[in-house]
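Structure first, commentary second.
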Amino acid sequence: MSKSRAFLFHLSASATIVGIVCALIFFVWYPQPYFDIVGAGAVLKILIGVDLVVGPLLTLFLYKPNKPNLKFDLSVIVAIQLIALIYGTTVIYQERPYYVVFAIDRFEVVGKTEIDTSDIRIDALREKPLIGPMLVVALFPDSEQERQELLNDVLSGKPDLERRPEYWDVYAKHSDSVIARGITLPNMADKRPDARDKIEAFIQSQAHSDEMVGLPIIGKKGAFYFVLNSTTRRPLGVINFDPWEPSVPATDSTD
């Protein structure tokens, strides 16, 4: 096999494997809009860089048909790629969004490793769907004593309401009250003229623009505007701006 054919074979095999991994990431573990909210870009770049760029290039540089140690060289290259692949996919899988928790006035994306799953009281909340995270609602305790205990826990550094599964409930039971807390997109555009273009672009991309409300959502990459269908109660996507930031006043171009 010639050097160029070996390079192309290695590149095509690597591209196939990386393509499968990316399909899992973008369509199963981090379906939109969650990749934008949580992100796994840094690790994914390492994985792609090693498996799709470095590996095939090393083959191109080192491959010689009659080289005595060719098998050893190729095995080292493959081992490096496998290490990067296993490391990258493991980290990305473990950090995937598992729950999207509504608490008080916002959603928060929570990984399974961020909570004590033994505190989950409702069996239906133990395993998320195959694709994407599970929507849940965190409720304040009923008794004043429990509320005070929760407050004391938070003040002492323990997890807040959204990361306390003992207070979670099924999203469908409370979706009406969640939607009622939302702000319609036109109203948000009026409150945030600096984000109006992004909001209007999102409205134009949707078929039923009169059936949308938004709420803040917090992930590792910051806060975004999380849009839901007010009829189905299901997420539609995110608009990339922080709804809690004060509006940036428009600059007057005329002096």
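When only the Cβ of Lys, Arg, Asp and Glu is charged (+1, +1, -1, -1), the dipole of the chain relative to its Cα centre reaches about 1680 debye. When the chain is described by a simple charge dipole with +1 on each Lys and Arg Cβ and -1 on each Asp and Glu Cβ, the residue from LEU150, HIS208, GLY55 located farthest towards its positive end is GLY55. Within segment 182-255, the proportion of Cα pairs with more than 20 Å between them is 29 percent. At R0 = 35 Å, how high is the FRET efficiency between ASN240 and LEU8 if r is their beta carbon distance? Nearest 0.05 is fine. FRET efficiency, ASN240 to LEU8: 0.35. Put a plus charge on the Cβ of each Lys and Arg, a minus charge on the Cβ of each Asp and Glu, and nothing anywhere else: the dipole of segment 88-202 about its Cα centre is then about 380 debye. Among (i) 77, 43, 31; (ii) 54, 40, 35; (iii) 77, 59, 35, which is the computed Cα extents along the principal axes in Å? Working out Cα extents along the principal axes in Å from the coordinates points to (iii).
Principal semi-axes of the equivalent ellipsoid, √(5λ) from the alpha carbon gyration tensor of segment 122-233, are 30, 18, 14 Å from largest down. Dipole orientation for the chain: of the candidates PRO68, ILE46, ASN240, PRO68 has the Cα lying most toward the positive pole (charges on Cβ; Lys, Arg +1; Asp, Glu -1). Charges were assigned to the Cβ only: +1 to each Lys and Arg, -1 to each Asp and Glu. The resulting dipole of segment 182-255 about its Cα centre is roughly 520 debye. For the pair GLU200 and ALA180, label points projected 7 Å from Cα toward Cβ lie 3.3 nm apart.
For the chain, lysine pairs with C-alpha atoms less than 15 angstrom apart, excluding pairs fewer than eight positions apart on the same chain, total 5. Helix content alone sets the calculated 222 nm mean residue ellipticity of the chain: runs of n ≥ 4 DSSP H residues at -39500 (n - 2.57) each, divided across all residues, give -13000 deg cm²/dmol. Measuring r between the beta carbons of ALA172 and VAL53 and using R0 = 45 Å, the FRET efficiency lands at 0.50.
Global size of segment 3-94: 14.9, 50 Å for Rg and Dmax (C-alpha atoms, Rg to one decimal, Dmax whole).
Coordinate-derived values only; no laboratory data. Computed from a prediction, not measured in an experiment: that's the story for all the values here. Cβ atoms come from the backbone with ideal geometry, glycine included; neighbour counts cover every protein chain shown.
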